[in-house]
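Chemist: The structure's right below; bear with me while I get my questions together.
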Amino acid sequence: MTDPPSRPGRPEIVDYDKDYAAIHWTPSQHDGGSPIQKYVVDKRELPDPSWHTVHFCFLLRLNFFVVVCVNQFFYFDVSAVGYCTLTPSVIALQFVDAL
């Protein structure tokens, strides 16, 4: 039996423009006894309470470009997935018009 992997690092915005945000996170420190299979990126636009999966990072990439709209609030959730478990890491963001 395996434990859940540890949380990935908190996602950070590393670049953005009016229609995208590039997020990056650090890998989970522990895999819980089962190799991490993928990272899942979910997005929630406020005030909508629903989460939507926007990407599965099967190659264990630690970054992703997300399509966004200007002047909107978002939550991003990055989860590490082992064979049967996942753990989340969430950040809240606000985007403004790019210069």
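Chemist: Looking only at the stretch 14-55, count every residue that is of a type outside the set (D, E, K, R), over 19 Å from Val81 (Cβ atoms), surrounded by fewer than 16 Cβ atoms within 10 Å (Cβ to Cβ) and in contact with a strand residue (DSSP E or B) (Cβ under 6 Å, 6 or more places away or on another chain) and tell me the total.
Modeler: Count: 4.
Chemist: Hey, could you check the stretch 56-84 for residues that are surrounded by fewer than 17 Cβ atoms within 10 Å (Cβ to Cβ) and among the polar types (S, T, N, Q) and say which is farthest from Pro8 (Cα to Cα)?
Modeler: It comes out as Asn71.
Chemist: Taking only the stretch 8-29 into account, find how many residues are basic (Lys, Arg) and more than 11 Å from the chain's Cα centre (by Cα).
Modeler: Within the stretch 8-29, residues that are basic (Lys, Arg) and more than 11 Å from the chain's Cα centre (by Cα) number 1.
Chemist: Here's a check for you: in the stretch 61-82, which residue that is in contact with a Gly (Cβ under 9 Å, 6 or more places away or on another chain) and assigned to a loop (DSSP other than H, G, I, E, B) is modelled with the lowest pLDDT?
Modeler: Gly82
Chemist: Would you mention how many residues in the stretch 35-47 are in a loop (DSSP other than H, G, I, E, B) and more than 22 Å from Tyr16 (Cα to Cα)?
Modeler: Of the residues in the stretch 35-47, 3 are in a loop (DSSP other than H, G, I, E, B) and more than 22 Å from Tyr16 (Cα to Cα).
Chemist: Quick one: in the stretch 39-53, which of the residues that are over 9 Å from the mean Cα position of the chain (by Cα) and of a type in the set (A, V, I, L, M, F, W, C) is modelled with the highest pLDDT?
Modeler: Looking at residues that are over 9 Å from the mean Cα position of the chain (by Cα) and of a type in the set (A, V, I, L, M, F, W, C), I get Trp51.
Chemist: Okay, next question. Quick one: what pairs do we get from the stretch 71-86, first residue over 27 Å from Pro35 (Cα atoms), second at pLDDT below 80 and part of a strand (DSSP E or B), C-beta under 6 Å, 6+ apart or different chains?
Modeler: Phe73/Gln94; Phe74/Leu93
The values are calculated or read from the model by the stated rules, or taken from the named source; none is laboratory data. Please read these numbers as outputs of a predicted model, since none were measured by experiment. When we count neighbours, we look across all protein chains shown, and the Cβ atoms used for this are built from the backbone with ideal geometry, even at glycine.
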